[in-house]
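Right, one structure below, let's go through it.
The values are calculated or read from the model by the stated rules, or taken from the named source; none is laboratory data. What you are looking at is a predicted structure, and each value in this text was computed from that prediction instead of being measured. Here the Cβ positions follow ideal geometry from the backbone for every residue, glycine too, while neighbour counts run over all protein chains shown. The area values use the complete protein model at the heavy-atom level, side chains included, leaving out ligands, DNA and RNA. Shrake-Rupley method; radii C 1.70, N 1.55, O 1.52, S 1.80 Å.
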Amino acid sequence: MAHRSFLPGARAANIIIALGAFALGWAIYVRYALLEQSSVGLACRTLETMTCETRALVIALFSQSAFGIVALVAALLQLVRPSLVMFTLALMATCMGLVIYNNSLAGVAGGLLLISFARPWRGARG
């Protein structure tokens, strides 16, 4: 029995694109509005707001390469056993990792996601 390669359908692709665009937009907002603004950093020294807590959390995560590690692990799982959910999670983590200073690991994860399109997919219909 021949297996089709991993390729999401039209409806699934629209959802994946929307979630990937959301993750990319969130990462761009966090990087350019919260992390790189010196005025936000200075204000966060005296204030404790949700913005400052988000900024501190993102700084702690990217200093430990968490975005890149999550992207790489999810992309490896996607490569081994393709699924729509894992592809979506890997794509979102890769988008965040590429924008928020975890370029090396997230770049490898992006390459693995591209390779995963050549893998046979058991969830294929028909």
### Message
Nothing charged except the Cβ atoms of Lys and Arg (+1) and of Asp and Glu (-1): what's the magnitude of the dipole of the stretch 10-118 about its Cα centre? Round to the nearest 20 debye.
### Response
200
## Note on the structure
With a Förster distance of 30 angstrom and the Cβ-Cβ distance between ILE15 and GLU53, calculated FRET efficiency to the nearest 0.05 equals 0.50
### Summary
Working note, the chain: Cα radius of gyration (Å, one decimal) and Dmax (Å, whole number) are 17.2, 65
### Query
How high is the FRET efficiency between ARG81 and TRP26 when r is their beta carbon distance and R₀ equals 30 Å, given to the nearest 0.05?
0.65
### Query
Per residue, what accessible area does the chain have, given a 1.4 Å probe and all protein chains present, in Å²?
62
### Task
Count the net charge of all other residues whose Cβ sits under 12 Å from the Cβ of ALA56, scoring Lys and Arg as +1 and Asp and Glu as -1.
0
### Task
Using the charge dipole of the chain (Lys, Arg: +1 at Cβ; Asp, Glu: -1 at Cβ; taken about the Cα centre), state which of MET96, ALA10, ALA27 has its Cα farthest towards the positive end.
ALA10
### Task
Using a 1.4 Å probe and counting only protein heavy atoms, arrange VAL99, VAL80 so the residue with the most accessible area comes first.
VAL80, VAL99
